[in-house]
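Student: Below you'll find the structure I mean.
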Amino acid sequence: MILVLLGAPGAGKGTQAEALSAATGAAHVATGDLFRAEISAGSPLGVAAKQFIDAGQLVPDEVTINMIQARLAKPDAADRVILDGFPRNPAQATALDAAYATSGRSIRAVLLKVDREILIERLTARRVCPSCGRSYHLLNRPPQASGICDVCATPLITRSDDAAETVAARLANQLSALESVVDLYRATGRLAEVDGVGPIEEVQARLAVAAAAAGLTA
Ligand code: AMP
């Protein structure tokens, strides 16, 4: 099955998808991470995607859909997958449904709900490790040593698209598209909603219940 984890930027999708993947053994596939890896590698795809990502815009559908289909064709994604950051608009959701229409593979969605004010506060306080990808929050999830990754000791950075001037544009661009995707899964009876506010472990427990109800168990 494919569990689509939906939420605005800053809703906690990455952190929660990682924990859910560790708890269930399902593959965690995050389009943002795939793009950042392509950018680090300096690939043509990365070069094409970077300008959109830095501007807080979505990367064009054709590029994104091709990239995700190639990732989902890998052996570790053959069974259970947690999709994080895809689909982000109705065209992507329709492409995902079409890709598995005849396979009998179920596609269900869970929305992590977080208010806009909290999203802005979370995004501007976010720091990430450019080496291993772990994400921190200056107040809620600080690293043990200031500015240094707990896992690999690399100096932490602010993501270019988390810069204060980009955050508002990114949210405005992406919230309306998210709402359309949420509507699409809701209309087809495939949506569960989880309160994404509170301690990470509490959200994790709520998400585990919703994921299990959708068919994703350990
Ligand atoms: P994320 O790490 O999920 O916040 O993604 C970082 C950036 O990558 C987004 O702001 C977009 O520019 C781009 N991106 C990630 N997923 C998608 C997607 N499904 N469609 C288009 N662009 C995406």
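Each value in this text was obtained by applying a stated rule to the coordinates, not by laboratory testing. Model, not experiment: these values are computed from the prediction. Note: ideal-geometry Cβ built from the backbone for every residue, glycine included; neighbour counts use all protein chains shown.
Student: Distance between the C-alpha centers of the stretch 1-39 and the stretch 149-217? Whole Å please.
Tutor: With the stretch 1-39 and the stretch 149-217 each reduced to a Cα centre, they are spaced 8 Å.
Student: Right, here's the next one. Tell me the label-point distance for the pair L138, D97, using the 7 Å Cα-to-Cβ offset, in nm and rounded to one decimal.
Tutor: 4.2
Student: Name all residues of the stretch 63-85 having a backbone nitrogen under 17 Å from the label point set 7 Å from the Cα of A22 along its Cα→Cβ direction, giving them as ranges.
Tutor: The answer is 82, whose backbone nitrogens lie closer than 17 Å to the label point.
Student: So which aspartates and glutamates can K113 reach, going by Cα to Cα under 17 Å and dropping same-chain residues fewer than 8 places off?
Tutor: The reachable aspartates and glutamates, counting only those whose Cα sits under 17 Å from K113, are D84, E121, E179, D183, E193, D195, E201, E202.
Student: Can I ask one more? Looking at the square roots a ≥ b ≥ c of the eigenvalues of the Cα gyration tensor of the chain, which shape do they give, rounded for a/c under 1.5, prolate if a/b is larger than b/c, or oblate?
Tutor: Rounded, since a/c falls under 1.5.
Student: Quote the FRET efficiency, to the nearest 0.05, computed for Q51 versus A164 with a Förster distance R0 of 30 Å and r equal to the Cβ-Cβ distance.
Tutor: 0.95
Student: How large is the helix-only mean residue ellipticity at 222 nm for the chain, computed as the sum of -39500 (n - 2.57) over DSSP H runs with n ≥ 4, divided by its residue count, in deg cm²/dmol to the nearest 500?
Tutor: Value at 222 nm, helices only, nearest 500: -15000 deg cm²/dmol.
Student: If packing is taken as the mean number of other Cβ atoms within 10 Å per residue, what is the order of 23-29, 155-161, 79-85, highest first?
Tutor: Final packing ranking: 79-85, 23-29, 155-161.
Student: Take D79 and E193, extend 7 Å from each Cα along the Cα→Cβ direction, and tell me the distance between the two endpoints in nm.
Tutor: Calculated label separation equals 3.4 nm.
Student: Between beta-carbons, use under 10 Å as the cut-off and find the net charge around A95, counting Lys and Arg +1, Asp and Glu -1.
Tutor: -3
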